[in-house]
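K.L.:
Take this structure, written in C-alpha cells, and hold onto it; I'll ask about it next.
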Amino acid sequence: MSKVKITLGGINEDEGSSKEYKTGSWRTMKPEVDIEKCIQCFKCFDYCPDAAVHKTEDAIEFDLDYCKGCGICEKECPVDAIVMVKEEK
Amino acid sequence: MAEQESRTVKGNMATALGAKLCRPNVIPAYPITPSTLFPERISEYIADGELDASMVRVESEHSAMSACIGASASGARVCTASASQGVALMHEMLFIASGMRLPIVMAVGNRALSAPINIWADHQDTVSSRDAGWMQFYSEKNQEGLDLMIMAFRIAEDERVLLPAMVGIDAFVLTHTIEGVDVPAQEDVDDFLPPYDPPHGKLDVDDPATFGSFGTPEYYQELKHDQTVALEETDEVIDEIFDEFEERFGREYNRLNNYKCDDADIILMTMGSMSGTARAAVDELREEGEKVGLAKLTVFRPFPGDLLKEIAGDADGLAVVDRNISPGFGGAAFAEAAGTFINENKNPLMKNFIIGLGGREIFKENFKEMYHKTKEAVEAGEVKEPVEWINMNEEIMR
C-alpha cells in the first residue's frame, strides 16, 4: 500500500506529476528479446499499443515502466525473437 | 447594519440579486427554463456596470459546469444557474466539482425531468443529483432563495467545508412569482462574506500544480472518505452560519425547521415551496384540535437526521411528503427519514406521500388528507400502504 498522504481534493502541489506515474505496474507477463534472432524489422515497434518498444542501435528494448504485457510483440515477431515470460515480483 | 431595501421580485431575480451581492468573478451559464432569468439578470448587471464579472456563454450545461470547475480551481468565486435537463446534463461534472473540493454555487429552478417533457415544478432534478456530493438547500419563498444564495457562498467557501452547493427554488411557483424581499446592503454582505481565498492552491500557470489527478485504487477510497466526512461535518458550519446570518440580517434559518412540532403527535415533513401551504394546513388542523406539526427541510444534503430525531423522535406518526420519486422504492426524503431512525429504539410510524410532480397543484386539503391518513395508520398501529400518491386524477388513469 502507498504511503503518500492524500491531499484536499487530490490536488498535487507538484506539476506534471503524471510523469511519475508508471502504468506498467500491474503487468503479469513481460516480453524478452533474443538479440541474436532479431532482424530489426521493427514490427514490434509498429504494433506496440503503448509505445513501450524503443529502437536501439543494434535491435530493440522494452520500456517496462509502461509495458502492460499484452504480448502483441511476441505474436507479431516474424522470427520468434520475442517471448513472453511470467514476471516474478 | 444598513437598512435592507424592500423589493418585489421574481424568484430568479431574488437568486440573481443574492448572487450579485456576493460579487462572483465568473458566471458560466447556459439558460434553461425556468431559471433563464438568472443569467439574463446577471448579464444585465455586468452590462450596466453593477457587477464586475466574466460571463461565459457556453454551448451546454455540461460545458457550463466544466467552465465553473476551471474557474473555481483558479481561485475565482463562481456561480451558475440551471434546471431539470440542464442539471441532468451536468451530472458528470457535478461529481468532479465536489471531488475537487470547489465551492461553486448553483441556483436551480427545480423542475421535473423528461419524459414526458414538462417544465413545471418538482424536485426530481436536484434529488437525482443527491449523491454528487453537493450541499443542497431548498427555498420556501423568494426571500429564502436570496438569503440562501448568500449563505451558500459563505458555507461553501468555509475552510472546514470547501464543497459546492445548490440552492433550489421551485419552478414557476417561485422562479416566476413576484414576492416582496428584503435585500441586504452591499457593504453588509461584503462584511459577512470575505473574498474567496482558496487554501488548497490555485490553478495558476505561473505556479503549476496538478488538479483533477488520477486516483488509483490505492488512493480513491481515502479521497472519497475525506470528501464524505467533510460533507457530513458541514452540519455544524451550516448551523453556525445560519445563526450568524440571523444575528446580522434578522431572518432565522434551520436545517430542519420546527413548526409546532414540540407537542405534535403527527408531523408532516416537507421541502420547498409546498411548505407554506402545509403550514396553513397545520394551522387549520390545530384550530380543529389536531396535534400536528410541520418539519421543513431547508437542507436536504447533508441530511439533517440529528434534527429529525430531536423533532420527530417522540411523535407517533411522521408523514414524509416528497415532490420527487425514486421508482422502485418511494420518495427520496422518505428513504432518508426511514434510514435516520433505523437504529433507534423508538420511532414514529412513517408514511410517504408523493405529490406535486411536474407542477401538479398542491392544496391545503392534500396536507389534511395526508395528516388524516397518517393518523389512521397510527390509530391502527400499522402502515398498510407506506407510499401513497396524492391528488391523482383517477378518471384519466389507464
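K.L.:
Condition first: polar (S, T, N, Q) and in contact (Cβ under 8 Å) with a residue 12 or more places away in the chain. Now tell me which residues in region B:331-374 satisfy that.
P.N.:
B:340, B:347, B:352, B:366, B:374 - these are the residues of region B:331-374 that are polar (S, T, N, Q) and in contact (Cβ under 8 Å) with a residue 12 or more places away in the chain.
Condition check ((1) open to solvent by less than 90 Å² (accessible area, probe 1.4 Å); (2) assigned to a loop (DSSP other than H, G, I, E, B); (3) more than 10 Å from chain B (Cβ to nearest Cβ); (4) of a type in the set (S, T, N, Q)) across all residues:
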| residue | (1), (2), (3), (4) |
| --- | --- |
| A:4 | no, yes, no, no |
| A:9 | yes, no, no, no |
| A:14 | no, yes, no, no |
| A:23 | yes, yes, no, yes |
| A:30 | yes, no, yes, no |
| A:37 | no, yes, yes, no |
| A:40 | yes, yes, yes, yes |
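K.L.:
Might you let me know whether region B:70-78 holds any residue that is farther than 22 Å from residue B:199 by Cα, away from chain A (no Cβ under 14 Å) and either of a type in the set (Val, Ile, Thr) or open to solvent by 20 Å² or more (accessible area, probe 1.4 Å) (or both)?
P.N.:
No, there is no match, as no residue in region B:70-78 is farther than 22 Å from residue B:199 by Cα, away from chain A (no Cβ under 14 Å) and either of a type in the set (Val, Ile, Thr) or open to solvent by 20 Å² or more (accessible area, probe 1.4 Å) (or both).
K.L.:
Determine whether residue A:65 is on the phi < 0 side of the Ramachandran plot, more than 14 Å from every other protein chain (Cβ to nearest Cβ) and open to solvent by 60 Å² or more (accessible area, probe 1.4 Å).
P.N.:
yes
K.L.:
Out of region B:266-315, which residues are in a loop (DSSP other than H, G, I, E, B) and more than 19 Å from residue B:354 (Cβ to Cβ)? So that I can check it myself, show each step before the final result.
P.N.:
We begin by selecting, within region B:266-315, every residue in a loop (DSSP other than H, G, I, E, B); these are B:272-273, B:288-291, B:298, B:302-304, B:313-315.
Within region B:266-315, B:288, B:289, B:290, B:291, B:298, B:302, B:304, B:313, B:314, B:315 meet the criteria.
K.L.:
Does residue B:327 satisfy the condition of being over 19 Å from residue B:141 (Cα atoms), under 24 Å from the mean Cα position of the chain (by Cα) and surrounded by fewer than 24 Cβ atoms within 10 Å (Cβ to Cβ)? Reasoning before the result, please.
P.N.:
Working: over 19 Å from residue B:141 (Cα atoms): yes; under 24 Å from the mean Cα position of the chain (by Cα): yes; surrounded by fewer than 24 Cβ atoms within 10 Å (Cβ to Cβ): yes.
Yes: the conditions hold for residue B:327.
K.L.:
Report, by residue number, each residue of region B:21-38 that is of a type outside the set (A, V, I, L, M, F, W, C) and within 19 Å of the chain's Cα centre (by Cα).
P.N.:
Correct list: B:33, B:34, B:35, B:36.
K.L.:
Which of the following residues is farther than 22 Å from residue B:373 by Cβ and hydrophobic (A, V, I, L, M, F, W, C): B:342, B:266, B:325?
P.N.:
Checking each option against the conditions leaves just B:342.
K.L.:
Moving to a separate point now. Tell me, which residue of region B:1-50 that is of a type in the set (A, V, I, L, M, F, W, C) and without any contact (Cβ under 8 Å) to a residue 24 or more places away in the chain is most open to solvent (accessible area, probe 1.4 Å)?
P.N.:
So, considering only residues that are of a type in the set (A, V, I, L, M, F, W, C) and without any contact (Cβ under 8 Å) to a residue 24 or more places away in the chain, the one most open to solvent (accessible area, probe 1.4 Å) is B:47.
K.L.:
Here are some residues: B:127, B:161, B:183. Which one is of a type in the set (A, V, I, L, M), in contact (Cβ under 8 Å) with a residue 24 or more places away in the chain and within 15 Å of residue B:11 (Cβ to Cβ)?
P.N.:
B:183
K.L.:
Does residue B:346 satisfy being surrounded by 19 or more Cβ atoms within 10 Å (Cβ to Cβ) and either in contact with a helix residue (DSSP H, G or I) (Cβ under 7 Å, 6 or more places away or on another chain) or outside the structural domain of residue B:130 (by TED's automatic domain parsing) (or both)?
P.N.:
no
K.L.:
Would you pick out the residues in region B:202-228 that are within 31 Å of the chain's Cα centre (by Cα) and part of a loop (DSSP other than H, G, I, E, B)? Let's see the steps before the verdict.
P.N.:
Filtering region B:202-228 down to residues within 31 Å of the chain's Cα centre (by Cα) leaves B:202-203, B:211-215, B:219-228.
Across region B:202-228, the qualifying residues are B:202, B:203, B:211, B:212, B:213, B:214, B:215, B:219.
K.L.:
Of the residues B:283, B:182, which is open to solvent by 20 Å² or more (accessible area, probe 1.4 Å), within 29 Å of residue B:325 (Cα to Cα) and among the acidic types (Asp, Glu)?
P.N.:
Every option except B:283 fails the conditions.
K.L.:
Of the conditions (1) within 19 Å of residue B:109 (Cβ to Cβ); (2) hydrophobic (A, V, I, L, M, F, W, C); (3) surrounded by fewer than 17 Cβ atoms within 10 Å (Cβ to Cβ), residue B:81 clears all except one; give me its number.
P.N.:
Tallying (1) within 19 Å of residue B:109 (Cβ to Cβ); (2) hydrophobic (A, V, I, L, M, F, W, C); (3) surrounded by fewer than 17 Cβ atoms within 10 Å (Cβ to Cβ), residue B:81 fails exactly one: (3).
K.L.:
Cβ contacts < 8 Å: first residue at the interface with chain A (Cβ under 8 Å from one of its Cβ atoms), restricted to region B:198-226; second residue assigned to a helix (DSSP H, G or I) and modelled with pLDDT under 90, any location; separation 6+ or different chain. Result?
P.N.:
So the pair list comes out as B:210/A:17; B:210/A:18; B:213/A:17; B:213/A:18; B:214/A:18.
K.L.:
Still on this structure: Residues to consider are B:360, B:301, B:279; find the one that is farther than 23 Å from residue B:252 by Cα and either not hydroxyl-bearing (Ser, Thr, Tyr) or not assigned by TED's automatic domain parsing to the domain that holds residue B:151 (or both).
P.N.:
On inspection, the qualifying residue turns out to be B:360.
K.L.:
Something else now. Out of all the residues in region B:1-57, which are closer than 30 Å to residue B:358 by Cα and in a loop (DSSP other than H, G, I, E, B)?
P.N.:
Within region B:1-57, B:30, B:31, B:32, B:33, B:34, B:35, B:36 meet the criteria.
K.L.:
Still on this structure, please answer the following. Name the residue, out of B:307, B:357, that is crowded, with 18+ Cβ neighbours inside 10 Å and touching a strand residue (DSSP E or B) at 6+ places or on another chain (Cβ under 7 Å).
P.N.:
Unique residue meeting the criteria: B:307.
K.L.:
Could you tell me whether residue B:246 is of a type in the set (D, E, K, R) and within 8 Å of chain A (Cβ to nearest Cβ)?
P.N.:
Against the criterion (of a type in the set (D, E, K, R) and within 8 Å of chain A (Cβ to nearest Cβ)), residue B:246 does not qualify.
Every residue, every condition in (1) in a loop (DSSP other than H, G, I, E, B); (2) out of contact with any Cys (no Cβ under 7 Å at 6 or more places or on another chain); (3) open to solvent by 10 Å² or more (accessible area, probe 1.4 Å), yes or no:
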| residue | (1), (2), (3) |
| --- | --- |
| B:64 | no, yes, no |
| B:85 | no, yes, yes |
| B:94 | no, yes, no |
| B:118 | yes, yes, yes |
| B:137 | no, yes, no |
| B:150 | no, no, no |
| B:173 | yes, yes, yes |
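K.L.:
On to the next question. Hey, can you tell me all the residues within region B:229-240 that are part of a helix (DSSP H, G or I) and open to solvent by 50 Å² or more (accessible area, probe 1.4 Å)?
P.N.:
At the first step, the residues of region B:229-240 found to be part of a helix (DSSP H, G or I) are B:229-232, B:234-240.
Selection gives B:232, B:236, B:239, B:240.
K.L.:
Does residue B:107 qualify as being away from chain A (no Cβ under 14 Å), crowded, with 18+ Cβ neighbours inside 10 Å and in a strand (DSSP E or B)?
P.N.:
Judged against the criteria, residue B:107 is a match.
The values are calculated or read from the model by the stated rules, or taken from the named source; none is laboratory data. Just so it is clear, the structure is predicted and the values come from calculations on it, not from any experiment. Glycine also receives a Cβ, built like all others from the backbone with ideal geometry; neighbour counts cover every protein chain displayed. Protein only, heavy atoms only, side chains kept; ligands, DNA and RNA dropped before computing areas. Shrake-Rupley method; radii C 1.70, N 1.55, O 1.52, S 1.80 Å.
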